[in-house]
Amino acid sequence: MTASAFLWALLLAPLAGGLACLACRSARAVLRATVLGVLAAALAAGICIWMTRASGSIAAARGWLYLDALSAIHLLVMMTVFTTSSLYMHGYFQPEILDGSLSLKVARRFSALWYGALAAMTLVLLSNNIGIMWAGLEATTLVTAFLICIHRSSESVEAMWKYLIICSVGVAFAFMGTLLAAAAANGLHLPASEALLWTRLREHAGEFDPVLMKAAFVFLLVGYGTKAGLAPMHSWLPDAHSQAPAPVSAIFSGFMLNAALYCVMRYVPLVEEASGQAGWSLRLLLLFGLVSMVTAAAFIVFQHDLKRLLAYSSVEHLGIIAVGLGLGGAGTFAALLHALNHALCKPLSFFAAGRLGQMYGTHDVRTMAGALRAAPVWGKALFGGLLVLIGAAPFAVFLSEFLIVRAAASSGSYWTMGLFLAAAGIVFVGVLQRAISIAWGDPVMQPHAEQAGAVDKTLVLVSLGVLLVLGLWIPGPLWHMLDDAARIVRGAP
Amino acid sequence: MLVLIVTNLLLLGFSQLKSCIRTVACQGIALGVLSLLVNEDGFTVWSVVMSGVVIGLKGVIFPRLLLGALRETNARHEVEPYIGHMASTLAGFAALAASAWLCSRLPAFPGRVTPLVAPVAFFMVFVGLFVIVSRKKAISQILGYLVMENGMYVFGVVILREMPLLVDLAVLLDAFAAVLVMGVAVYHINRAFDHMDVDQLDTLKG
């Protein structure tokens with residue numbers, strides 16, 4: 001009873017928050033209400049995750065809302081990203097409030113869409129019905145489209161249109177996949193109210209029509225893969241990430257991509273069970289993952305726009321997660337850990353890139369040379385963030401990448417290992433070169449003075465600190481949750 | 001069934017954006033009627049309401065929104081395809097053949113519907129995609145998206161009659177929101193660029 005109450009609270013909190021924002025009288029109050037609302041939602045999420053830990057899974061609304069270890073770990077990632085981004089947002093928009101470019105109307109629209117994005121992504125994670133899950137993901141596209149062009153310019157409108165069309169069409173493919181999956185299950189004659197429930201499908205996956213289920217998975221992988229930014233369907237991603245305001249880029253990269261990949265993860269055990277555990281879907285995931293890594297590596301080497309660089313790095317990291325999932329076994333665990341690590345450090349990098357961009361008036365890395373002296377806090381955050389992203393040693397991303405390489409080696413897929421290391425190596429050198437020139441290069445121009453409040457400093461310190469700790473030691477409860485989630489994807493009961 | 005095929009081919013052949021929008025409207029109405037006809041338990045209250053919603057949304061509201069957007073933008077009201085009308089129509093026939101072939105390769109779908117349904121659904125998806133990639137005007141891309149959606153709706157409503165109502169409604173709501181958001185986006189594109197030719201949206205690269 002209480003569990004279902006908290007699930008409902010989690011789903012409805014963003015809507016309540018959105019309404020509260022409309023009642024605010026100044027842009028500053030709107031932003032403050034947004035921070036508070038997201039913190040409240042995060043609290044509800046924490047309680048739900050805690051309950052899941054005790055009993056394995058919780059459900060509400062006759063099984064239509066459902067939270068198990070796999071969705072709980074993603075809920076944790078989502079709330080981390082949203083909480084940090086909301087805290088950061090408050091500082092990021094201060095200059096615009098001062099010079100009047102962020103009016104009350106724009107602030108209200110931004111907050112309403114921000115809450116809308118939170119609600120849609122929560123719906124994706126909580127719905128047990130694969131049709132509603134799809135509807136939630138499509139809603140995230142529609143809601144976030146206008147977040148990209150809050151700062152209206154012709155480039156941001158262009159990025160918004162590309163994002164809208166490419167992702168809508170991509171996600172429509174996923175709907176075709178959902179329908180095909182339902183057709184594959186049609187022989188079971190489940191009653192209408194249970195026909196699309198994941199838990200029911202999971203129980204009967206062995207009786208599905210294997211050919212239809214495989215066809216469904218191709219559509220699903222291409223469709224959700226478009227939204228997850230897997231190459232070669234990633235073309236919208238660098239544009240959208242580079243044009244959106246920094247907090248929006250942070251939620252895009254930190255969680256929205258993962259939400260799409262989460263939908264794919266839900267189908268992996270179904271396809272595997274239906275096709276006799278032959279690893280067919282895993283090989284497809286592996287292929288897309290490697291293509292993404294190699295493509296991203298090729299583009300990163302020639303990239304001078306900091307936010308586009310980070311966007312391509314997201315393509316690479318989603319590729320890494322897909323490779324980990326594709327390897328199966330220990331790789332699944334490593335992939336989920338990597339999703340968490342990436343979600344901690346990519347927003348931090350976008351935060352820093354956004355603030356440095358405000359100071360320099362551009363995102364060109366060549367202009368930002370010597371940022372460490374000009375901006376002690378955000379310069380350090382960017383340098384640290386980039387180091388973590390490329391997998392420098394004691395940090396968490398290194399650990400999860402190492403686990404994936406080890407999984408590849410132990411399963412004997414040396415081609416995968418070779419390509420993985422080559423792509424990661426190219427990214428390492430390419431990004432490190434840029435990071436060093438940003439940090440210690442000869443200054444090209446004199447930027448505006450840095451403004452970093454106590455919240456900003458804490459945000460940077462805590463993020464980097466958590467990444468360092470996770471690289472050395474994973475707390476027991478987190479380890480158990482990751483392990484349970486990995487077992488769900490691997491299809492063990 | 002036949003109406004659906006013909007509207008698709010007409011869409012590929014028309015040169016005026018207005019007639020394209022009307023064609024898609026006809027398709028939406030046909031879709032609503034179809035969803036009523038395939039219902040084998042006869043006319044229940046819900047099935048009538050659902051098909052009414054589909055006709056209202058896809059046959060009346062969407063076209064009105066798009067015609068409104070068209071009026072707002074002072075662009076030339078022609079389709080301006082990259083690929084000529086004749087070639088497009090031929091491509092349409094090719095897509096029809098391809099989808100028939102594709103469906104002969106898939107196992108027969110369960111249920112007592114005509115064997116035509118699955119090929120027509122795939123055909124509509126292909127035509128939608130073709131329109132999206134081959135037209136310059138942003139509104140044409142919305143139309144393509146709508147045709148794609150319609151194709152999936154055919155697939156869903158005919159093959160999976162046991163689709164829960166809530167899911168149906170959520171999907172329709174999404175389609176509605178999509179058209180609304182895209183319509184507003186076209187308005188913004190028009191204001192930012194003074195045109196709505198997507199082939200000129202090419203500043204962001206690399």
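Taken together, the values in this text are just the output of simple stated rules run on the coordinates, not laboratory data. Keep in mind it's a predicted model, so treat the numbers as computed, not measured. Neighbour counts are summed over all protein chains in view; Cβ atoms, including those assigned to glycine, are modelled from backbone coordinates with ideal geometry.
At a 10 Å Cβ-Cβ cut-off, how would you order A:416, A:458, fewest neighbours first? Could the numbers behind the result be given before it?
Values: A:416 23, A:458 11.
Fewest-to-most ranking of A:416, A:458: A:458, A:416.
How far apart, in nanometres, would the label points at residue A:53 and residue A:278 be if each is projected 7 angstrom from Cα along the Cα-to-Cβ direction?
About 4.1 nm separates the two model spin labels.
Report the Stokes-Einstein translational diffusion coefficient (µm² s⁻¹, integer) for the stretch A:339-450, Rh taken as the Kirkwood radius over Cα pairs, at 10 °C with viscosity 1.306 mPa s. Please report the intermediate quantities before stating the final value.
Details: Rh = 15.0 Å.
Estimated diffusion coefficient is 106 µm²/s.
log10 I(q)/I(0), Debye, Cα-only the stretch A:392-469, no solvent, q = 0.13, 0.24 Å⁻¹?
Each listed q corresponds, in turn, to -0.65, -1.15.
Determine ³J(HN,Hα), in whole Hz, for all residues of the stretch A:284-293 in sequence, where each value follows from phi through the Karplus function 6.51 cos²θ - 1.76 cosθ + 1.60 and θ = phi - 60°; x replaces Gly and Pro.
4, 4, 4, 4, 4, x, 5, 4, 4, 4
For chain A, what is the calculated [θ] at 222 nm in deg cm²/dmol (nearest 500), taking -39500 (n - 2.57) for each run of four or more DSSP H residues and dividing by its residue count?
It lands at -26000 deg cm²/dmol.
Straight-line reach only, C-alpha to C-alpha below 16 angstrom: list the aspartates and glutamates that residue B:136 could link to, leaving out same-chain residues fewer than 8 apart.
Straight-line reach from residue B:136, under 16 Å: A:158, B:78, B:80, B:194, B:197, B:199, B:202.
Among the aspartates and glutamates, select those whose C-alpha is under 13 Å from the C-alpha of residue A:214, and discard any that sit fewer than 8 residues away in the same chain.
A:272, A:273
Straight-line reach only, C-alpha to C-alpha below 19 angstrom: list the lysines that residue B:137 could link to, leaving out same-chain residues fewer than 8 apart.
Straight-distance partners of residue B:137: A:162, B:18.
Please rank A:421, B:37, B:143, fewest neighbouring Cβ atoms within 10 Å first, as an exposure proxy.
Fewest-to-most Cβ neighbours within 10 Å comes out as B:37, A:421, B:143.
Arrange the peptides A:241-248, A:379-386 so that the one whose residues have, on average, the most other Cβ atoms within 10 Å appears first.
A:241-248, A:379-386
Below 14 angstrom from the Cβ of residue A:441, what's the summed charge of the other residues (Lys, Arg +1; Asp, Glu -1)?
Charge balance in the 14 Å sphere: +1.
Report, by chain and number, residues whose modeled amide H sits under 5 Å from the one on residue A:65, excluding near sequence neighbours (fewer than 5 apart, same chain).
Those qualifying (amide H under 5 Å, at least 5 residues apart or on another chain) are A:60, A:128.
When the distances between all Cα atoms of the stretch A:1-100 are binned every 5 Å from zero, what whole-number percent does each bin get?
2, 13, 21, 20, 16, 11, 8, 5, 3, 1, 0
Using a 10 Å cut-off on Cβ to Cβ distances, tally the other chain neighbours for every residue of A:147-159 and report the average as a whole number.
The per-residue average across the peptide is 3.
Dividing the Cα radius of gyration by the Kirkwood radius, what Rg/Rh value follows for the stretch A:379-436?
Working: Rg = 12.6 Å, Rh = 12.0 Å.
For the stretch A:379-436, the value is 1.05.
Enumerate the whole-percent occupancy of each 5 Å bin, from 0 to the last occupied one, for all C-alpha pair distances of the stretch A:25-181.
Reading the bins upward from 0: 2, 9, 15, 17, 18, 15, 12, 7, 4, 1, 0.
Find the percent of Cα-Cα distances in the stretch A:211-262 that exceed 18 Å, and round it to a whole number.
Result: 36 percent of Cα pairs exceed 18 Å.
Taking the convex hull of the Cα atoms, report for the protein assembly as shown its projected area averaged over all directions, in nm².
On the way: hull surface 114.0 nm².
Mean projected area of the Cα convex hull: 28.5 nm².
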